[in-house]
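I have placed the structure first, in the form of structure tokens, so that the comments after it can refer back to it.
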Amino acid sequence: MISYQLTEYGQPLERAEGARPDPVGTEVLIQTAACGVCHSDLHLRDGFFNMGDGKRLDLSKGRELPLTLGHEIAGAVVACGPDVRGVEVGANRVVYPWIGCGACQTCAAGDEHLCPRSQALGVTRHGGFSDYVLVPHPRYLFAFGDRPSTLACTFACSGLTAYGAVRKVLDRVDGRPLVIIGLGGVGFAALRLARAVTNAAIIAVDVDQATLAAAAEAGAAVVDARADDAAKQLKKLTGGGAPAVIDFVGAESSASLGFRTLATGGLLVLVGLFGGQLRASLPLWPLRSLTVQGSYVGSLEEMRELMRLVESGSVSAIPVRSRPLADAQTALNDLGDGGVVGRMVLTP
């Protein structure tokens, strides 16, 4: 088994060779066909989130190194433990990676992705920057039909995170504007999903001209966030303010722009993890009845809902660029430098 592992925070990934694991109990061994590269992988590599004002959230606690990153995983079942039911060797599956401890109230409520003792693949357990991945139970596996594995893997985070965020604004954007800030892999997936499950007038905001052109081609009105009058453009396009804004960047500048774009009674959904702080005058919140809500990936049930949409043909493909697994570190570097349209996907 060949893996590209984090061995020291802030340092390049290292190539590691080891024996292919043998599944026991309910475990399933997946031979990786594709694994997406996510901005979260950058934060995990660095070992912290930027909390603003020079503060950092330490990500090293509860995490042992070396660790194989990569949580957007699709591949073929090559071995099953003796207690596995419902999936057979040879089946192609996308993996739900946001696995919880299975023993707490959060997990019992169906919110494993929010479990305080997370067992998420590529986050606390070895993930998909490898040619094999061990999955603890077949309930975390989903068929993806005739879609290519390079696209299917993106449903596990990019697609699911986008769906979880769009789901939170459904009751606000029927026939009304929806502003999406940040058109990376997740934001672009949200644009596609929003067009599939809403009749909202979508306005896409980004800083990259190629990305904005792709969003316009997908049917969205576009605004360059670097424009001096970006907020004024958004106010005009939304008719005075948006009932909902989803920020897939999560930077101080993007969150501030999203907050200023809200109409009275509006909802700002924060998804991105770039870092910093949101500064806003407190009286505005009650006087204009504004809401800010975080959104973190999605539940196992939301993954089921998303995959039903995928199988129905309602979800259009996002741009995907394949790269060999050996390019894992270079792909992380390129993602950190910005300008990537859609999703980069590693293929062993």
What net charge is computed for the residues neighbouring L59, neighbours being all others with C-beta under 11 Å from the C-beta of L59, Lys and Arg scored +1, Asp and Glu -1? +2
Taking 0.36 nm per residue of separation and subtracting the Cα-Cα distance, what length does fully extending E301 through T347 add? 13.8 nm
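Output the antiparallel fraction of DSSP beta bridges having both residues in the stretch 232-348, as a percent to the nearest 5. Each step should come with its number before you reach the end.
Details: 0 of 15 bridges.
Taking every DSSP beta bridge with both residues in the stretch 232-348, the antiparallel ones total about 0 percent.
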Amide H proximity to A251 below 5 Å, modelled H, separation 5+ or other chain, gives F274, G275
When the Cα centres of the stretch 209-273 and the stretch 23-99 are compared, how far apart do they sit, in Å? 31 Å
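Above 16 Å lies some portion of the pair distances; for the stretch 89-209, what is it as a whole percent of all C-alpha pairs?
Tail fraction, whole percent: 68.
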Would you mind pulling out the separation of the Cα centroids of the stretch 280-317 and the stretch 116-150, in Å? 22 Å
GNM on the chain, Cα springs under 10 Å; top mean-square fluctuation among V95, V186, V169 goes to V169
From the phi angles alone, apply the Karplus equation (6.51, -1.76, 1.60; θ = phi - 60°) to the stretch 273-288 and give each ³J(HN,Hα) in whole Hz, x where the residue is Gly or Pro. 10, 4, x, x, 9, 9, 10, 8, 5, 4, x, 4, 4, x, 5, 10
Would you order L114, L287, L332 from fewest to most other beta-carbon atoms within 10 Å of each residue's own beta-carbon? L287, L114, L332
Just tell me which lysines come within less than 28 Å, Cα to Cα, of K235; anything on the same chain fewer than 8 places away is out. K168
Regarding the chain, what is the average projected area of its C-alpha convex hull, in nm²? 17.1 nm²
What aspartates and glutamates does K232 reach when the alpha-carbon gap must be under 16 Å and sequence neighbours fewer than 8 apart in one chain are set aside? D206, D224
Taking only Cα atoms of the stretch 160-294, radius of gyration then Dmax in Å: 13.2, 40
Using amide H atoms built 1.01 Å from N in the peptide plane, name the residues 5+ places from L346, or on other chains, whose amide H lies under 5 Å from its own. C35, G36, V37, R323
Scalar couplings 3J(HN,Hα) for the stretch 209-223 by Karplus 6.51 cos²θ - 1.76 cosθ + 1.60 (θ = phi - 60°), nearest whole Hz, x for Gly and Pro, are 5, 5, 5, 5, 5, 5, 5, 5, 5, 7, x, 9, 6, 10, 9
Highest-first arrangement of 302-309, 157-164, where packing means the average Cβ count within 10 Å: 157-164, 302-309
Which trypsin sites (Lys or Arg not before Pro) in the stretch 171-230 sit in a loop by DSSP (not H, G, I, E or B) and have at most 14 other Cβ atoms within 10 Å of their own Cβ? R226
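In the chain, what % of DSSP beta bridges are antiparallel (nearest 5)?
So the antiparallel bridges amount to about 55 percent of the total.
Bear in mind these aren't lab numbers, they're just calculated from the coordinates by the rules spelled out. Everything numeric here is computed off the predicted structure, so don't read it as measured data. All Cβ positions, glycine included, derive from the backbone under ideal geometry; neighbour counts span all protein chains shown.
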